[in-house]
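Q: Mind having a look at this structure? Questions to follow.
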There are 2 protein chains.
Amino acid sequence: MSGTNRRRITSKELAKLAGVSSATISRAFSPGSRIGSATRDRILAVAREYGYQPNAIARSLNNQRSRLVALVVNAIGNPCEAEEQQLLVHRLQARQLLPILLCCADHSDRLQLMRLASTYQVDHVVIFSDMVSMQDAVDIFHTTRPIIVSFEPLGNEDVSNIRIDGAVGAGEIIDKIVGDGKKRFAYLSGTKSSWIDKLRRKWFADALARHGLAFEAEAFGDYSYDSGFKEAVLLLHRSKVDVIICGNDVMAIGARDAARRVLGKNTPEDIAIVGQDGIAMAAWDCNDLTTLSLDHVAFMDAVVEVIERHEAGNEGPHSITLTCTPRWGSTA
Amino acid sequence: MSGTNRRRITSKELAKLAGVSSATISRAFSPGSRIGSATRDRILAVAREYGYQPNAIARSLNNQRSRLVALVVNAIGNPCEAEEQQLLVHRLQARQLLPILLCCADHSDRLQLMRLASTYQVDHVVIFSDMVSMQDAVDIFHTTRPIIVSFEPLGNEDVSNIRIDGAVGAGEIIDKIVGDGKKRFAYLSGTKSSWIDKLRRKWFADALARHGLAFEAEAFGDYSYDSGFKEAVLLLHRSKVDVIICGNDVMAIGARDAARRVLGKNTPEDIAIVGQDGIAMAAWDCNDLTTLSLDHVAFMDAVVEVIERHEAGNEGPHSITLTCTPRWGSTA
DNA sequence: GTCGTTTGTGTAATCGTTTGCACAACGATA
DNA sequence: TATCGTTGTGCAAACGATTACACAAACGAC
């Protein structure tokens, strides 16, 4: 009990101490197994005394279930992801599942990273990152049936996925802005290679097309505040747009700051700025961003829903679609 | 190789396919073991063909090393933690260590959560959260020798720790503000129960004392923007302070917004506001916060340094102290 | 009192690796 | 040629749990 004893006691040793077999120890710790309640109580008491807990590694080896979940994300530093990750981790913990975090953004060899995680026989995989190809993920985790958090319908029939659709919400935002008399739109992308970003852009481009409009200018950042700031400065110097649709909220805040500080333009009069994500910070008084917002709670509920179906043995694949709705702030 | 095969191939099966024993398979995958290079190449080729990778769970059971690291944090949603966590996860991944994330903030039974993680025989534990008692952590992870990220010297001699000292930096900030002619200070705490918060407050209180001053008012939030906003409103209504020192940057931004929006006060003329952490957002143009800042890179380097010493067999305990320095913004 | 069922426990195999030991083959040395 | 060290490989025993199977005791029904 005091922290001095460095070795963990095993079930066999505990068995000797309690005068039973190690099988009985195991049964004392697995609810619903045939064991006398007196024996169980005695074992649990002795176990507490000696600080025994079953070894999850050994258990996993035998069970073929690890209760580990791989979370493949771009980064945790970026608030739009962090909020969702927080919700998901909370839900997993409540189900006695432990998350192993894989951050792709700053890792040179993402496939190797995923392969490493897959050797831990994770029970579930949730892929948030758009920096890995879906097919690679499916190949590497072929024993696990991953959940792809996707923005578009997948070609692969074998994979559960959560689809996010912002077409309608983007339409409402464009309608309002056009109604306010603005016509000259720019799109500030997150990353060139990101298919999520391409899709987000398409929602707005399609909405513009219905008004006979199109993006007049394009810029590419990296989802960070700094890139939003810098690209907005360049963009506003080289073209006369009066609306910037941004790939996420953080870049939108950067663009707003750039417009105000460097160009002396105010939102929404001089320039309208729109974000995407609906992170908490967007609603802060200092930001009050107009943004195409996703209900993060519903999103993570959907992920957990799929995990639970997989756990229940119904491996699917399952698909759930969520829609985005506008949050109206003072920037557009 | 195609994703259809649901079962993973074992070393014994691969051994049969390659015409060797499973011991040889194992040796092919552990660098530095006695094996003919021709055999190794052949095995690796066959392994690639059948998609074999050694099972990390079985390996951990045998080795008594899991290469898993438990990260005990309050939350990932809060930017001040997320930035550090991002850095740490990156460094762990580079060393082929995988992080298991434990979020304490929203979990009702944190001890049970830590116990669950400890059954996975993690090789290292890093405790960032101030919501768990150090002694509990040491008891639960008694086989692991945890690293406590601490703001004060520990009583327990058996634990490696990183100590953070902001006394000098806080002194510089107070000197400057007092030099600017302000005298009436309030402290906006993160949490009542947090000992980290108590210590941060003490740095500033001590600095004030050297000027013959003390905090005139106190408020308690929860490290969130909303709590910073709300508590600042209440605080400024009930007392005439002209400086608010906040427990972290996010609350400082909330307080600044409250002062500006609800009270119509500007920083730093009407009221000075100081944060703590030095998160990236503090330097954003829209915030430009004066804050007592910690070098997050040096911080995580220190954590990894201790982990590496533990891995090398030098279990310490080790102690490293870091100091905080002011970041001068426009809010104080 | 016998039979059948239920209940509680132990024995031993299993999960997929790693690794100490034994041993054969080989080249170098005397 | 006999001896020795080196190298490459297999055998089998861990690692610490879970669980199918077997069996003894207890119980109820007749």
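The values are calculated or read from the model by the stated rules, or taken from the named source; none is laboratory data. Here the structure is a predicted model, which means the values were calculated and not measured. Cβ atoms come from the backbone with ideal geometry, glycine included; neighbour counts cover every protein chain shown. The accessibility values were calculated without ligands, DNA or RNA, using every heavy atom of the protein model including side chains. Shrake-Rupley method; radii C 1.70, N 1.55, O 1.52, S 1.80 Å.
Q: Here is a check on your reading of the model: is A:MET251 at pLDDT below 95 and either part of a helix (DSSP H, G or I) or in contact with a Pro (Cβ under 6 Å, 6 or more places away or on another chain) (or both)?
A: Numbers: at pLDDT below 95: no; either part of a helix (DSSP H, G or I) or in contact with a Pro (Cβ under 6 Å, 6 or more places away or on another chain) (or both): yes.
Answer is no for this residue.
Q: Give the number of residues within segment B:52-86 that are hydrophobic (A, V, I, L, M, F, W, C) and open to solvent by 50 Å² or more (accessible area, probe 1.4 Å).
A: Let us first name the residues in segment B:52-86 that are hydrophobic (A, V, I, L, M, F, W, C), namely B:56-58, B:61, B:68-73, B:75-76, B:80, B:82.
Okay, now just the ones that are also open to solvent by 50 Å² or more (accessible area, probe 1.4 Å), so B:61.
Total satisfying the criteria: 1.
Q: Checking A:VAL73 against (1) more than 8 Å from every other protein chain (Cβ to nearest Cβ); (2) within 25 Å of B:THR10 (Cβ to Cβ); (3) of a type in the set (A, V, I, L, M), only one condition comes out false. Which one?
A: With respect to (1) more than 8 Å from every other protein chain (Cβ to nearest Cβ); (2) within 25 Å of B:THR10 (Cβ to Cβ); (3) of a type in the set (A, V, I, L, M), A:VAL73 is out only on (2).
Q: May I pose another question? Check whether at least one residue in segment B:42-51 is facing chain A (nearest Cβ under 10 Å) and either open to solvent by less than 40 Å² (accessible area, probe 1.4 Å) or within 30 Å of B:HIS124 (Cβ to Cβ) (or both), and report yes or no. Full working, then the answer.
A: Keep residues of segment B:42-51 that are facing chain A (nearest Cβ under 10 Å), which gives B:51.
With the extra rule that they be either open to solvent by less than 40 Å² (accessible area, probe 1.4 Å) or within 30 Å of B:HIS124 (Cβ to Cβ) (or both), the set shrinks to B:51.
Yes, some residue in segment B:42-51 is facing chain A (nearest Cβ under 10 Å) and either open to solvent by less than 40 Å² (accessible area, probe 1.4 Å) or within 30 Å of B:HIS124 (Cβ to Cβ) (or both).
Q: I'd like to check which helices (runs of 4 or more DSSP H) are fully inside segment A:1-97 and have at least 2 residues that are under 21 Å from B:LEU102 (Cα atoms). Walk me through it before giving the result.
A: Working: elements: A:11-18, A:22-29, A:37-50, A:56-63, A:79-94.
Because the criterion is at least 2 residues that are under 21 Å from B:LEU102 (Cα atoms), the helices (runs of 4 or more DSSP H) in segment A:1-97 that meet it are A:56-63, A:79-94.
Q: Can I ask one more? Would you mind telling me which numbered condition in (1) touching a helix residue (DSSP H, G or I) at 6+ places or on another chain (Cβ under 7 Å); (2) over 29 Å from A:ASN55 (Cβ atoms); (3) open to solvent by 10 Å² or more (accessible area, probe 1.4 Å) B:GLY171 fails?
A: B:GLY171 satisfies every listed condition except (3).
Q: Restricting the search to segment B:92-122, which residues are in contact (Cβ under 8 Å) with a residue 40 or more places away in the chain and either within 13 Å of the chain's Cα centre (by Cα) or crowded, with 22+ Cβ neighbours inside 10 Å (or both)?
A: Passing the criteria: B:LEU92, B:MET114, B:ALA117, B:SER118, B:TYR120, B:VAL122.
Q: Considering only residues that are touching a residue at least 24 places away in the same chain (Cβ under 8 Å) and more than 8 Å from DNA strand C (Cβ to nearest atom), which ones fall in segment B:18-40?
A: Matches in segment B:18-40: B:ALA18 only.
Matching residues to (1) touching a helix residue (DSSP H, G or I) at 6+ places or on another chain (Cβ under 9 Å); (2) under 22 Å from A:ASN74 (Cα atoms):
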{"site": "B:CYS80", "(1), (2)": "yes, yes"}
{"site": "B:ALA105", "(1), (2)": "yes, no"}
{"site": "B:GLN112", "(1), (2)": "no, no"}
{"site": "B:ILE147", "(1), (2)": "yes, no"}
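Residue by residue, here is whether (1) touching an Asp or Glu at 6+ places or on another chain (Cβ under 6 Å); (2) modelled with pLDDT under 90 holds:
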| residue | (1), (2) |
| --- | --- |
| A:ASN63 | no, no |
| A:VAL73 | yes, no |
| A:ILE76 | no, yes |
| A:GLU81 | no, yes |
| A:VAL89 | no, no |
| A:GLN93 | no, no |
| A:ALA105 | no, yes |
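Q: How many residues does segment A:82-105 contain that are among the acidic types (Asp, Glu) and facing chain B (nearest Cβ under 7 Å)?
A: Let us first name the residues in segment A:82-105 that are among the acidic types (Asp, Glu), namely A:83-84.
Still in the list and also facing chain B (nearest Cβ under 7 Å): A:83.
Of the residues in segment A:82-105, 1 are among the acidic types (Asp, Glu) and facing chain B (nearest Cβ under 7 Å).
Q: Would a scan of segment B:199-213 turn up a residue that is open to solvent by less than 50 Å² (accessible area, probe 1.4 Å) and over 21 Å from B:GLY171 (Cα atoms)? Talk me through it step by step, then tell me what you get.
A: Taking segment B:199-213 as the starting set, the residues that turn out to be open to solvent by less than 50 Å² (accessible area, probe 1.4 Å) are B:199-200, B:203-205, B:207-208, B:213.
Still in the running and over 21 Å from B:GLY171 (Cα atoms): none.
No: segment B:199-213 contains no residue that is open to solvent by less than 50 Å² (accessible area, probe 1.4 Å) and over 21 Å from B:GLY171 (Cα atoms).
Q: Take segment B:258-299 and flag every residue that is away from chain A (no Cβ under 12 Å) and under 20 Å from the mean Cα position of the chain (by Cα).
A: Of everything in segment B:258-299, those that are away from chain A (no Cβ under 12 Å) and under 20 Å from the mean Cα position of the chain (by Cα) turn out to be B:GLY275, B:GLN276, B:ASP277, B:GLY278, B:THR291, B:LEU292, B:SER293, B:LEU294, B:ASP295, B:VAL297, B:ALA298, B:PHE299.
Q: Still on this structure: Is it the case that segment A:34-41 has a residue that's of a type in the set (D, E, K, R), open to solvent by 30 Å² or more (accessible area, probe 1.4 Å) and within 9 Å of chain B (Cβ to nearest Cβ)? Don't jump to the end; show me each part of the working.
A: Our first condition is that a residue be of a type in the set (D, E, K, R); within segment A:34-41, this holds for A:34, A:40-41.
Checking the rest, the ones that are also open to solvent by 30 Å² or more (accessible area, probe 1.4 Å) come to A:34, A:40-41.
With within 9 Å of chain B (Cβ to nearest Cβ) added as a condition, the list becomes none.
No: zero hits.
Q: Still on this structure, please answer the following. Any idea how many residues of segment A:311-332 are more than 18 Å from the chain's Cα centre (by Cα) and not in a loop (DSSP other than H, G, I, E, B)? Break it down stepwise before answering.
A: Start the filter on segment A:311-332 by keeping residues that are more than 18 Å from the chain's Cα centre (by Cα), which leaves A:311-317, A:325-332.
Filter once more, keeping what is not in a loop (DSSP other than H, G, I, E, B): A:311, A:325-327.
The total comes to 4.
Q: When segment B:269-309 is examined, which residues are found to be in contact with a Gly (Cβ under 9 Å, 6 or more places away or on another chain), surrounded by fewer than 20 Cβ atoms within 10 Å (Cβ to Cβ) and more than 22 Å from A:ASN78 (Cα to Cα)?
A: Passing the criteria: B:ASP270, B:ARG309.
Q: Report whether or not B:ARG163 is open to solvent by 40 Å² or more (accessible area, probe 1.4 Å), touching a residue at least 40 places away in the same chain (Cβ under 8 Å) and farther than 17 Å from B:PHE299 by Cβ. Outline the logic, then answer.
A: Working: open to solvent by 40 Å² or more (accessible area, probe 1.4 Å): yes; touching a residue at least 40 places away in the same chain (Cβ under 8 Å): yes; farther than 17 Å from B:PHE299 by Cβ: no.
Judged against the criteria, B:ARG163 is not a match.
Q: Is segment A:60-74 home to any residue that is of a type in the set (D, E, K, R) and within 16 Å of DNA strand C (Cβ to nearest atom)?
A: First, the residues of segment A:60-74 that are of a type in the set (D, E, K, R): A:65, A:67.
Subset that is within 16 Å of DNA strand C (Cβ to nearest atom): A:65, A:67.
Scanning segment A:60-74 turns up at least one residue that is of a type in the set (D, E, K, R) and within 16 Å of DNA strand C (Cβ to nearest atom).
Q: Here's something else I'd like to know. In segment B:179-197, which residues are buried (at least 18 other Cβ atoms within 10 Å of the Cβ) and within 26 Å of the chain's Cα centre (by Cα)?
A: B:TYR187, B:LEU188, B:SER189, B:GLY190, B:THR191, B:SER194, B:ILE196, B:ASP197
Q: Of (1) open to solvent by less than 40 Å² (accessible area, probe 1.4 Å); (2) in contact (Cβ under 8 Å) with a residue 12 or more places away in the chain, A:LYS176 satisfies all except one. Which?
A: Evaluating A:LYS176 over (1) open to solvent by less than 40 Å² (accessible area, probe 1.4 Å); (2) in contact (Cβ under 8 Å) with a residue 12 or more places away in the chain leaves (1) as the failure.
Q: Please enumerate the residues belonging to segment B:214-257 that are within 24 Å of the chain's Cα centre (by Cα) and open to solvent by 10 Å² or more (accessible area, probe 1.4 Å).
A: Residues satisfying the conditions are B:PHE220, B:GLY221, B:ASP222, B:TYR223, B:SER224, B:TYR225, B:ASP226, B:SER227.
Q: Looking at (1) surrounded by fewer than 24 Cβ atoms within 10 Å (Cβ to Cβ); (2) facing chain B (nearest Cβ under 9 Å); (3) in contact with a Phe, Trp or Tyr (Cβ under 9 Å, 6 or more places away or on another chain), which one does A:ASP130 not meet, given that it meets all the others?
A: With (1) surrounded by fewer than 24 Cβ atoms within 10 Å (Cβ to Cβ); (2) facing chain B (nearest Cβ under 9 Å); (3) in contact with a Phe, Trp or Tyr (Cβ under 9 Å, 6 or more places away or on another chain) applied to A:ASP130, the lone miss is (2).
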